[in-house]
1. Roughly how far apart, in whole Å, are the Cα centres of region A:37-51 and region A:167-245?
2. Please report, to two decimal places, log10 I(q)/I(0) for region A:67-123 at q = 0.25 Å⁻¹ as given by the Debye formula with identical point scatterers on the Cα atoms and no solvent.
3. Quick one: compute the contact order of chain A, relative version, from alpha carbon pairs under 8 angstrom and 6+ residues apart, as a percent.
4. If the viscosity is 1.002 mPa s and the temperature 20 °C, what translational diffusion coefficient in µm²/s does Stokes-Einstein give for chain A when Rh comes from Kirkwood over Cα pairs?
5. Return the Rg/Rh ratio of the protein assembly as shown with Cα-based radii and a Kirkwood Rh.
6. Among A:235, A:219, A:35, determine the one that fluctuates most according to a GNM of chain A built with springs between C-alpha atoms less than 10 Å apart.
7. Pick from A:211, A:233, A:26: which is most flexible by mean-square fluctuation in a GNM of chain A where alpha carbon atoms under 10 Å apart are linked?
8. Mind giving me the FRET efficiency for residue A:33 and residue B:10? R0 is 30 Å, r the Cβ-Cβ distance, nearest 0.05 is fine.
Amino acid sequence: MSSGSATREDRQAKAAAMRAQAAKAEARRRMLIVTGAVLAVLLLGIGVFVVVQNARRETVAADAATPGNLGPSNSIVVGDASAPVTLVTYEDFQCPVCNEFEQLNTTQIDAWVKAGTVKVDYRPVSILDRASEDNYSTRSLNAVAALVNSTPSAFPAYHKALFAEQPAENGPGLTDQRLIDLAVTAGAPKAAMTTAVKNLTYKSWTVRATEQASKDGLTGTPRVLVNGTEVKEPTAANLKAAVDAAVAAAK
Amino acid sequence: MRWVGTAARLVIGAVFAFSGFTKVVDIDGTIRAVRAYQLLPEAIIPTIGAGLPVLELALAALLLTGLLTRVAAIITVPLSAAFFLGVASAWARGLSIECGCFGNGGLTANPVPGYVRELVLNTVLMIAAGWLIRRPVSRWSLDAALGLQIEPDLDPDDFHEHDDDDDASTSNSIGVQQ
C-alpha cells in the first residue's frame with residue numbers, strides 16, 4: 001500500500017516536473033520571438049530616425065542663403081585688417097557667461113580696435129535654443145546675420161545692444177520686433193531687417209555656422225583666442241596679458 | 001527580492017527617459033556634444049548623435065514597462081560603460097565640456113562636479129543593470145504578464161515567495177501552478 005502511494009507521489013512529482021519544464025520551454029520560445037521582434041523594431045526605428053535626420057541636415061547644408069560681408073570661418077571682422085593681434089570670440093547671444101565676458105572686456109577691446117592693435121573676428125553661434133522658450137539663440141543670430149548682410153558697420157553697436165538686453169535663460173527672448181528695432185537704431189535698414197527676421201532667412205546659415213564652429217573645436221561658449229591661442233578664463237586681466245604678450249611677440 | 005528588480009528597472013528607465021528626451025529634442029546639439037569628446041571619427045558622429053537618443057528612449061520604454069528586462073539590461077551595461085569611459089577620458093584630458101549626458105553641450109567654469117555626477121550615475125546604472133541580468137524577474141512587468149519570464153532554478157527565496165503568494169504576475173501565466 002505504502003509503496004503504491006509512494007509510486008503515485010513519484011508519478012505526480014515527475015508529471016509536475018515535466019509540466020514545469022514544458023512551461024519553461026514555452027517561456028523561452030516566447031522570449032525568443034518577442035526579443036527578435038522588439039530588436040527588429042528597435043533597429044528599424046533607429047535606422048529610420050538617423051536617415052531622416054541626415055536628410056534634414058543635408059537640406060540645411062544645401063540652403064544657399066548666406067549673409068554677405070563675412071570673413072573666413074563665418075567671422076564678422078571688426079577692426080584694422082593689418083592689426084598685429086587677432087582676437088577670435090565664439091559667443092551665443094543667449095549665453096550669460098558671454099555677456100559677462102562682454103561686460104568685463106568691451107571697453108578695452110574697443111580701445112585696442114581703435115588703436116589698431118587688435119582686430120576682432122566675432123564668430124557668433126546658436127547653441128542655446130534649449131535654454132530659451134522661443135529659440136532666441138537662433139533668432140538673435142539670424143538677426144545679426146541680416147544686419148551684417150546689409151550694414152556691417154552697424155555690427156558693433158548691435159552686438160552691444162543685444163548683450164545689454166540679453167534675456168534670462170529658460171524664459172522668452174527679445175521679440176522679433178525688438179530685434180528689428182535695435183537693428184534699426186544701430187543703423188540697419190528697416191525693410192530688409194523686417195523681412196529677414198520674420199522669415200528667419202538665415203536660419204540654415206546659423207546651423208551651418210554653429211556646426212562649423214563645433215568642427216573647429218568649440219565645446220562651449222564663450223571661447224576666446226588671441227592669435228590662435230585659447231584664453232581659458234578670459235577675465236579683463238587675463239585677456240590683457242594675452243594681448244600684451246601677442247603684441248610683444250609680433251614686434 | 002522582486003521589488004528590487006522593479007526599483008532597478010525604474011531607476012535605469014527614468015534616467016534613460018530623461019537623458020534620451022533632452023537629447024532627442026536637440027539632435028544638432030547632441031551631435032556637437034558627441035563631437036566635443038573628441039573620441040570618435042567625424043564620419044560616424046552624426047549617426048551616433050542621432051541614433052543614441054532613440055536607443056536611450058527605447059531602453060527606457062523597455063525597462064519602465066518591464067518588457068525584455070534582461071535583454072535591456074544587457075544592452076545597458078556596455079552603453080553605460082561607454083558613457084563612463086567617455087566622461088572619464090574627457091576629465092583625464094582636461095576637456096572643459098559639460099558632459100552632454102543630459103543633452104548639454106555647453107561650457108561650465110568648473111566641469112568637475114558634472115564629471116563626478118556622471119561617473120557616479122553611470123556606476124549606479126551598471127550596478128542596477130547587473131542586478132537585472134542576474135535576476136530579471138520583477139514585479140509590475142510585461143515580462144510576467146506575457147509569460148516571458150523564465151523562473152530561476154536556484155532561487156529558494158523566490159520559490160518560497162511563489163508558494164504563499166498568489167500574485168499571478170510572478171507565476172508562469174501558462175497555468176502550470178496548481
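1. 38
2. Summing over Cα pairs of region A:67-123 leads to -1.05.
3. On the way: 324 pairs, mean separation 59.3, N = 251.
The value is 24 percent.
4. 98
5. On the way: Rg = 29.4 Å, Rh = 25.2 Å.
In the protein assembly as shown, Rg relative to Rh is 1.17.
6. A:35
7. Checking each option, the largest mean-square fluctuation is seen for A:26.
8. Values: r = 26 Å, r/R0 = 0.87.
Efficiency, rounded to the nearest 0.05: 0.70.
Laboratory data are not the source of any read-out in this text; all were calculated from the coordinates shown. Note that this is a predicted model, so its numbers are computed, not measured. No Cβ is skipped: glycine too gets one built from the backbone with ideal geometry, and neighbour counts run over all protein chains shown.
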